[in-house]
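Just so it is clear, none of the values below were taken in a lab; they were calculated from the coordinates. Predicted model, so just to flag it, every value in this text is computed and none were measured. Counting neighbours? That spans all protein chains shown, and the Cβs are built from the backbone with ideal geometry, glycine included.
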């Protein structure tokens, strides 16, 4: 594994011209970067007509910053993979397919060339899995040991699944299992739920969807209609790691990158069939964890219901990226 | 003019939650930010079909970093305006029209809320002039006094003007005047050459185009074919400021954001008519400053020809952003 900061000047990006740096970075992205004008090399990338065959275009931007989203000792490959996949998770949550990525970065001269190439190989690894092309970007020098890379990802979708369609009585589901994402390393190695999002986009009963980045207890509010609340069945939450205060961690830890979604107008029998069909189509487990219910007051709340049916308000609002 | 760093905690972005910060920033962008799902508020922006009516999509990314592209004492409004316009300049140089912008930023808790809103108002001012909509973005906290904002701009174009079409004998032109961009403040207040780029895209003789960001003496190499060189007539270079070593500054200073382009297969009479028509259509002056010529050796070079016809190689390679 390469080290983040170069031990000799000749192995640092500070020893390269801007053009050489871009050439090294783009070289490590091959074959995921087409030649210009589609790929890097002109003033803009030219994305040919027909690039977005499902017609609506999805666009999302997210960054990784050294010291914040990953540490100097994190594998550069894993950090690069995470950068693409956290953006792809946003596309997945709307039922779309990622197509094109652009990067914009700030790179300290101290960063090791080899480390930066490993980062690019992580981007490439993730891009090849999901069929994304890199089509250019921008690089600026940074002070001290600073490194950040911002990625904009464009995707395509027929009918996007919005956050805003849930209504009272809807069933609440999540994919996979939740919590301990940092301890387990899943915040780096997760796979974006693209095929799962595609399955949901084809299912007429899905009323809302988002991906879990700040923790269920926080992100649930993004899909609650005004004045409605969520009731979560504590014993149905799929817990990744049963050590410590595992329920709280599953509700409050950030960076699960699982899908949180709601289903409307379904009987128990239909919901059981949905769960079986979902598993058969995607090989991914899903859990029905709650319902959209009326609020006691005017505000939206999160209620936990324990195995005895006792209902309490849950106050923790999860992980904040800021 | 608001100050960059807040004097009291309550006036700093550190006193806001991530959601409040985004709400303040987006509020200052109104009416340039449509409601979700097109504008910010869902996992991705949904750009409806028909958003890119001229069919090819142009995409470019550029950032501004506090201390590098502008200073703490720079007007936040000007810095915001610059961020959008330097991206729009890349779209203009391919003959396109900007449509959608996304931002991704790193913001220190010390930054003043009022300063950030002024920055957003600068973005909005530039966006309203050229008809751009903001459709979301991302924000992360930064250490110390760090501030950067990265912008991805999408545009539309029928037939893009590439950097790669020039050939031996082509005439070399620039719009406007060059040099002293920092001293004069034009690096902040320039207007992207969109209508000029549109005029060029409709003219069949334009063989290559790029915008001048690192200085003519550097950027000329981006449009030179392999093994061809550029001959620049020293007395034809449009100099903005005649003080000091003005020719060198005009060739080497960065951030002119003028268009550099080449015309093929034109007689002197046709070129004169082109210059008149360009001025009539755009109200912008252009100067014919040189020719694409054969290289003495294998490498591309830049030659200066003085008023006596004496030709010398020009070695300075302009401003480096890195």
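Per residue of A:176-189, count partner chain C-beta atoms within 10 Å of its C-beta, then hand back the mean as an integer.
0
Taking neighbour Cβ counts within 10 Å as the exposure measure, how do B:293, B:13 sort from fewest upward?
Numbers: B:293 18, B:13 25.
Listed from fewest to most nearby Cβ atoms, that is B:293, B:13.
Within a 10 angstrom radius of the beta carbon, how do A:104, B:184 rank from fewest other beta carbons to most? Walk me through the numbers before you get to the answer.
On the way: A:104 26, B:184 15.
Result, fewest neighbours first: B:184, A:104.
Work out how much length residue B:159 to residue B:266 would gain on full extension: take 0.36 nm times their residue separation and subtract the Cα-Cα distance, in nm to one decimal. Mind showing how you got there, number by number?
On the way: separation 107, 0.36 × 107 = 38.52 nm, distance 2.07 nm.
Full extension from residue B:159 to residue B:266 adds 36.5 nm.
What ranking, highest mean first, results for peptides A:274-285, B:127-138, A:90-101 when packing means the other Cβ atoms within 10 Å averaged over each residue? Write out the running numbers ahead of the final one.
Numbers: A:274-285: 13.9, B:127-138: 21.4, A:90-101: 28.1.
Going from most to least packed, we get A:90-101, B:127-138, A:274-285.
Indicate, rounded to the nearest 5 percent, the antiparallel portion of the DSSP beta bridges found entirely in region B:9-157.
Working: 21 of 29 bridges.
Taking every DSSP beta bridge with both residues in region B:9-157, the antiparallel ones total about 70 percent.
Two decimals, Cα atoms only, Kirkwood Rh: what is Rg/Rh over chain B? Spell out each step's value before the answer.
On the way: Rg = 21.2 Å, Rh = 20.8 Å.
Rounded to two decimals, Rg over Rh is 1.02.
So what's the angle, to the nearest 10 degrees on a 0 to 90 scale, between helix A:76-93 and the longest Cα principal axis of chain A?
Roughly 40 degrees, rounded to the nearest 10.
Relative to the longest principal axis of chain B, what angle (0 to 90°, nearest 10) does the C-alpha long axis of helix B:18-29 take?
50 degrees
If you count, for each residue, the other Cβ atoms within 10 Å and average over each peptide, how do A:301-314, A:109-122 line up from highest to lowest?
Working: A:301-314: 13.5, A:109-122: 21.9.
Ranked by mean Cβ neighbours within 10 Å, highest first: A:109-122, A:301-314.
Once each part is reduced to its C-alpha centroid, what is the distance from region A:260-288 to region B:114-152 in angstrom?
Each part's Cα centre sits 41 Å from the other's.
Using only the Cα atoms, what convex hull volume per residue in Å³ does region A:171-313 have? Each step should come with its number before you reach the end.
Values: hull volume 15.6 nm³, N = 143.
That works out to 109 Å³ per residue.
Report, to one decimal in Å, the Kirkwood hydrodynamic radius for region B:1-41 based on all distinct Cα pairs.
Numbers: mean 1/r = 0.0856 Å⁻¹.
Kirkwood radius, region B:1-41: 11.7 Å.
Give the average, rounded to an integer, of partner chain Cβ atoms located within 10 angstrom of each Cβ in A:98-106.
Working: counts 0, 0, 2, 1, 7, 3, 10, 3, 7.
The shielding value for this peptide is 4.
Could you order the peptides A:254-264, A:186-196 from most to least packed, using the average number of other C-beta atoms within 10 Å per residue?
Numbers: A:254-264: 24.4, A:186-196: 20.7.
Order by mean packing, descending: A:254-264, A:186-196.
In terms of the Cα gyration tensor, with a ≥ b ≥ c the square roots of its eigenvalues, is the protein assembly as shown rounded because a/c is under 1.5, prolate because a/b exceeds b/c, or oblate? Provide the component values of the computation, followed by the final result.
On the way: a/c = 2.09, a/b = 2.00, b/c = 1.05.
The shape class here is prolate.
Please find the FRET efficiency linking residue A:7 to residue A:128, where r is the Cβ-Cβ separation and R0 is fixed at 35 Å, and quote it to the nearest 0.05. Walk me through the intermediate numbers first.
Values: r = 31 Å, r/R0 = 0.89.
Efficiency, from the Cβ-Cβ distance: 0.70.
Considering only DSSP beta bridges where both residues belong to the protein assembly as shown, give the percentage that are antiparallel (nearest 5). Can you show the working numbers first?
Numbers: 94 of 120 bridges.
Bridges in the protein assembly as shown are about 80 percent antiparallel.
How would you rank A:239, A:232, A:161, going from fewest to most other Cβ atoms within 10 Å of each one's own Cβ?
Details: A:239 16, A:232 22, A:161 27.
Fewest to most other Cβ atoms nearby, the residues stand as A:239, A:232, A:161.
Taking N as the number of residues in region B:232-278, what value does Rg over Cα atoms divided by 2.2 N^0.38 Å take? The partial results should precede the final answer.
Numbers: Rg = 13.4 Å, N = 47, 2.2 N^0.38 = 9.5 Å.
Here the Cα radius of gyration is 1.41 times the empirical estimate.
Applying 1/(1 + (r/R0)^6) with R0 = 60 Å to the Cβ-Cβ distance of residue A:202 and residue B:308, what FRET efficiency is obtained, to the nearest 0.05? Don't skip to the answer; put the middle values down first.
Working: r = 74 Å, r/R0 = 1.24.
Efficiency, from the Cβ-Cβ distance: 0.20.
Considering every residue in B:145-157, what mean count of other chain Cβ atoms within 10 Å of its Cβ is obtained? Walk me through the numbers on the way to the answer.
Numbers: counts 0, 6, 0, 8, 2, 15, 5, 12, 2, 8, 1, 1, 2.
Mean shielding count: 5.
Extending each Cα 7 Å along its Cβ direction at residue B:23 and residue A:143, get the distance between those two points in nm, one decimal.
A separation of 3.3 nm, rounded to one decimal place.
Over the C-alpha atoms of region B:9-157, what are the Rg and the largest Cα-to-Cα span, Dmax, in Å?
14.9, 48
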